[in-house]
Amino acid sequence: MGGVQLIIAVGGQPSDYPNPVVELDGLTPVDLIVDATIDSDKDYSFSMMVRPTVDTGALLHYKPNDSTQQLKELTLYISGGYIHMERILTTESEISPPSTQQIPINTWHFITFGINISNGKMIININGDNIEHDNNYIDNVDFIIPGILRVGGMFDQRKPILQGRVACVGFYGDVKEPEQRDSEPSCKAGNWVNKSRFGIVKAQRRAVPAIDTRIEAKEDESIQPGKQIPELRYDANE
């Protein structure tokens, strides 16, 4: 695996899943601040574990702070049990066809979505089933950091807030098809681990203070739903 890898785990640890999770009640999403140093002209992707209790809702919505760049937004959502990916650019909106199969509710799923920067292909992976979409998407659109990743909701509320559980949200630079094994060990950890490659936050309603100077977290900040968790900074060049 190359490039930046930022794995974020927040919340409690239910009996039916071994990793820390956050509960989404359909009313309030969770915002994560993504701030890292990545090279331009590289593939990029996100991953998550999700257990939806409804068949329609937002999964992830990323917006860079710099609104002047070509990349405006990246979204992933469920509609009627089918997964859709959308990339909004300054010139157009690119939407993937729906996934070929519905994902069952009340079941854990590992889902990733990424961009092959050389040709603009959208790549969605659901529980190991890889789907590539190539509808003449625009190539060489850089991923812009810093930005905010909204988990379980959209900034414009055009899709409902998700109901269910989420764990192991990850961002990857220079990777377009992350695998579940890349995030699982870190999500199972009880504190900050593997600091040379991963930044991990795991909390029971309160922030875990950073123990690596390259990863900054605000101590004693509440992580109630609807509030931003502590800011994470990771420099891949160090």
Point to revise | 14 Å reach of a label modelled at Leu89, 7 Å along Cα-to-Cβ, counting backbone N of the stretch 113-153 | key: 115-122, 134-144
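Listing Leu32, Leu27 from the residue with the fewest other Cβ atoms within 10 Å to the one with the most, what is the order? Working shown, then result.
Working: Leu32 22, Leu27 11.
In increasing order of surrounding Cβ atoms, one gets Leu27, Leu32.
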**Study point:** Distance between the stretch 158-177 and the stretch 96-138 - C-alpha centres, whole angstrom
**Key:** 12
Exercise for review: Within the stretch 76-163, list the trypsin sites (Lys or Arg not before Pro) lying in a DSSP loop whose Cβ has at most 11 other Cβ atoms in a 10 Å radius.
Suggested key: Arg158
Check your understanding: Say each of Thr100 and Asn135 gets a label point 7 Å from the Cα, pointing the same way as Cα to Cβ; how far apart are those two points in nm?
Key -> 1.7
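Rg/Rh for the stretch 23-189: what does it come to with C-alpha atoms and Rh from Kirkwood? Walk me through the numbers before you get to the answer.
Values: Rg = 14.6 Å, Rh = 15.8 Å.
My calculation puts Rg/Rh at 0.93.
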Point to revise | Cleavage-rule hits, chymotrypsin sites (Phe, Trp or Tyr not before Pro), the stretch 89-171, DSSP coil, Cβ neighbours within 10 Å at most 13 | key: none
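Quick one: His109, His61, fewest Cβ neighbours within 10 Å first, how do they rank?
By the 10 Å Cβ count, ascending: His109, His61.
The numbers here are math on the coordinates, done by the rules we state, and not lab data. No experiment lies behind these values; they were computed from the predicted model shown. Don't worry about glycine lacking a Cβ; one is built from the backbone with ideal geometry, like all the others, and counts go over all protein chains shown.
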